[in-house]
Amino acid sequence: MSKITSEHLARSAYVYVRQSSTYQVANNLESQHRQYGLVERARQLGWETVEVVDEDLGKSGSGGMERPGFQKLLAAICEGRVGAVFSLEASRLARNGREWHSLLEFCGVVGTLIVDEDGLYDPRLINDRLLLGMKGTMSEMEVSVFRQRSAEAIKQKARRGEMLTTLAVGFVKSDDNRIEKDPDRRVQDAIALVFRKFSELQSIRQVLLWFRSEEVMLPRVRHGHGLPRIDWTLPVYPTLHHMLTNPIYAGAYAFGRRGTRTVIKDGQKRQVRETLRRHWDDWDVFIRDHHAGYISWETFEKTQSMIAENANRSSYVGRGAIRRGEALLPGLLRCARCGRRLRVAYTGKGGNTQRYVCHGTFGKTAAANCIAFGGMRVDRTVAAEVLDRLQPLGIEAALSAAIEQEETRHDKLQQMENTLQQVRFEATRAQRQYDAVDPDNRLVADELERRWNDTLCRMRDLEIDLEKLRTEIPSPMSVPDRDRLMTLGADLAQAWNSPGVTSETRKRILRLMIREIIVDMTEDSLPMVIHWQGGDHTSLTVKKNKAGHTRWTIAGETLDLVRVLARQMSDQHIASVLNRAGKVTGKGLSWNRSRVCRLRNTHDIAVYREGERQERGEVTLDEAAEFLKVSPSTVRRLINTGVLAAEQNCKGAPWIIRIEDIENGNVQKAADARRARRPAPHNPQQKVMEI
């Protein structure tokens, strides 16, 4: 003990106490007593001031966890306030070489002693330093061996499929350490409903909205003291995501779905658990058909693929989930030039115009967009191609729709009946508990009576809701309704354009048929290649809209007609001619004077000026009849027989005749002959009615 000097005793003695886990803190009490007993040993060695550092109870010393107590000890050593460090053994101070040798270095610089159960060491002495170094190395190797043995034992047990910690809801562990389905039929029906609704809606969020709107509750395992128990609550997104992505529901056993990696943070080694799950080919242990599941492994693979494609993020790989909007092909179109997914942009008043755009490398190099085009014509063309392929399956689809409607109603009714049956059991159990208690023990009897009454109230409310649901369920489909449904199935185009069909339904149908569409753009067309889900390919070419043309653009023939009529008559008369000819505006409306005026102003068409026709030497049919002194019907006959040249731009438009054609000699002779054949009236006073 000659190594202890007055200088050491003038400082404080620090007793470092540590246990590696909370379990050891709660159960290994003898180790704690031994470590706290070092305080008395320090006093026996002559130290009057002894401080205990026990902030690291429950923290590992292997270097992967921050230890505030050890940092406090190092700070006190560097400040020269520590005369000796007392520890049960070297492994209590550190289990890794970096922290152990840092402690030795600091103690050697300031002259701090290290004391354990075996002896007293001065890090400034070469022999003591060598012995302390060996103790630290052996401690580090010991924890590495323990960790390796433990990890290998866990992996060996996992390879047999017997490493079961906590099971997902819907499963229980049997007495012989096997995974079995929860025997509660209500739990089984609820979990099976989750997978059925996802197969129908194809989106976790849509499944969540359905469960919460219909107020259908799902089971949740609550761990606590004793056996786990089941609670029923409305689901949240993480609950549904865990169910749909956990392979245990497909009857598979998985171990090591997430890995760990070592990082340096704040100068210390840290073990970080990876947030993203690895592909099942990279799992440490994967056993298919390990136990009875709720779905098949093939269904699980399709579900994972669909969830991955529904990811709406900045990635250009997945198709994204179905969202609101009138565009039918978001997520399906891919640029033939750069391979990126096209985005949809809604413009115009109320967002009623959609365009598909490929930004290309715009975000990185500020380059121009690869391609951009209007979406309505492309949507109609692709939809027509899909309907053409689906037409033979129309009747079968109609029958499936009727069956699916009935199944949806049955699902909600089944969940309500299961809930009511569970509450009736709880009410019966509460009654038995109340009957079993001593009536004189009012403190207990009152509480059991309150629980029984609460359960009876819940049962009454559920019975009312169930009866209401049964009365609201419509009767089976009538014969006329079924015939109407079959008619829609036979004519899919009519069903597709039905007002009751939402854009989300149309998008879902397109995604079931189409894997992706490769599209390019030329000067006047959009070449496309449709890749069907079955592996076939179809090439299409869609005519591209001209610049400035939209779905509200006036038809070209109507615009040409207005150009001609504007040189012959006023806007009011032009509107009458267009309506008689069956022409409509771009939005399908009839014509009036203001709409004709707007069209002229948009296309720089001059308004009709009085006397303009006469200046060009043109007359109408009535004016030609007056000039030739014959009836208008006679002029019409001359035109039909080809004697008189005339022009009519459309049905209902006035005939335009040139004066020089009227003055033609052949026309004059034909008019004279017509007048000569016309008999004179019997009554000289009789007048000719002009129609």
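The values are calculated or read from the model by the stated rules, or taken from the named source; none is laboratory data. Since we're looking at a predicted model, the values are computed, not measured. Because the Cβ atoms are built from the backbone with ideal geometry, glycine has one as well, and the counts that use them run over all protein chains shown. When the accessible area is computed, the model is the full protein with side chains, heavy atoms only, and any ligands, DNA or RNA have been set aside. Shrake-Rupley method; radii C 1.70, N 1.55, O 1.52, S 1.80 Å.
Within segment 287-308, being aromatic (Phe, Trp, Tyr) and either surrounded by fewer than 17 Cβ atoms within 10 Å (Cβ to Cβ) or part of a helix (DSSP H, G or I) (or both) holds for 297, 300.
Among the residues of segment 515-531, which ones are under 17 Å from residue 379 (Cβ atoms) and either at pLDDT below 85 or polar (S, T, N, Q) (or both)? Listed by number, the list holds a single entry, 525. Can you report the number of residues in segment 504-525 which are of a type in the set (D, E, K, R) and outside any helix (DSSP H, G or I)? Residues that pass the stated criteria total 5.
Look at (1) charged (D, E, K, R); (2) out of contact with any His (no Cβ under 6 Å at 6 or more places or on another chain); (3) under 30 Å from residue 201 (Cβ atoms); (4) touching a residue at least 24 places away in the same chain (Cβ under 8 Å) and you find that residue 516 fails only one, number (2).
Would segment 166-178 turn up any residue that is within 21 Å of residue 242 (Cα to Cα), exposed (fewer than 11 other Cβ atoms within 10 Å of the Cβ) and touching a residue at least 12 places away in the same chain (Cβ under 8 Å)?
Among the residues of segment 166-178, at least one is within 21 Å of residue 242 (Cα to Cα), exposed (fewer than 11 other Cβ atoms within 10 Å of the Cβ) and touching a residue at least 12 places away in the same chain (Cβ under 8 Å), which makes the answer yes.
Can you tell me which residue among 355, 337, 341 is open to solvent by 40 Å² or more (accessible area, probe 1.4 Å), modelled with pLDDT of 80 or more, under 25 Å from the mean Cα position of the chain (by Cα) and among the charged types (D, E, K, R)?
355
The sole residue among 663, 626 that is at pLDDT 70 or above and of a type in the set (Asp, Glu) is 626. Take residue 611 and tell me if it is over 14 Å from residue 574 (Cα atoms), out of contact with any His (no Cβ under 8 Å at 6 or more places or on another chain) and open to solvent by less than 30 Å² (accessible area, probe 1.4 Å). For residue 611, the condition - over 14 Å from residue 574 (Cα atoms), out of contact with any His (no Cβ under 8 Å at 6 or more places or on another chain) and open to solvent by less than 30 Å² (accessible area, probe 1.4 Å) - is met. Total residues in segment 622-645 satisfying the condition of being surrounded by fewer than 19 Cβ atoms within 10 Å (Cβ to Cβ), in a helix (DSSP H, G or I) and of a type in the set (A, V, I, L, M): the figure is 1.
Does segment 182-209 hold any residues that are over 21 Å from residue 301 (Cβ atoms) and over 21 Å from the mean Cα position of the chain (by Cα), and which are they? Passing the criteria: 182, 183, 184, 185, 186, 187, 188, 189, 190. Cβ-Cβ contacts under 6 Å between residues 6 or more apart (or on different chains), taken from a first residue in segment 233-246 that is under 15 Å from residue 215 (Cα atoms) and in contact (Cβ under 8 Å) with a residue 12 or more places away in the chain to a second residue that is part of a helix (DSSP H, G or I) and aromatic (Phe, Trp, Tyr), are listed as 235/211. The requirement of being within 24 Å of residue 10 (Cβ to Cβ), free of Cβ contacts under 8 Å to residues at least 60 places away in the same chain and open to solvent by 40 Å² or more (accessible area, probe 1.4 Å) is fulfilled nowhere in segment 81-102; no residue meets it.
Going by the structure shown, is residue 427 on the phi < 0 side of the Ramachandran plot and modelled with pLDDT under 80? Judged against the criteria, residue 427 is not a match.
Say we look at segment 251-271 and pick out the residues that are surrounded by 14 or more Cβ atoms within 10 Å (Cβ to Cβ) and at pLDDT 75 or above; which of these is nearest to residue 288 (Cα to Cα)? Per the criteria, the residue is 252. From the list 563, 616, the lone residue that is modelled with pLDDT of 80 or more and either open to solvent by 50 Å² or more (accessible area, probe 1.4 Å) or farther than 30 Å from residue 666 by Cβ (or both) is 563. In the set 500, 534, 548, only one residue is under 30 Å from the mean Cα position of the chain (by Cα), closer than 30 Å to residue 370 by Cα, open to solvent by 60 Å² or more (accessible area, probe 1.4 Å) and at pLDDT below 80; that residue is 534. Close contacts from segment 132-148, counting a first residue that is closer than 14 Å to residue 100 by Cα and open to solvent by 100 Å² or more (accessible area, probe 1.4 Å) and a second that is of a type in the set (Phe, Trp, Tyr) and not in a helix (DSSP H, G or I), with Cβ to Cβ under 7 Å and a gap of 6+ residues or different chains, come to none at all.
Restricting attention to segment 1-35, report how many residues are of a type outside the set (S, T, N, Q) and farther than 20 Å from residue 95 by Cα. The qualifying residues number 13.
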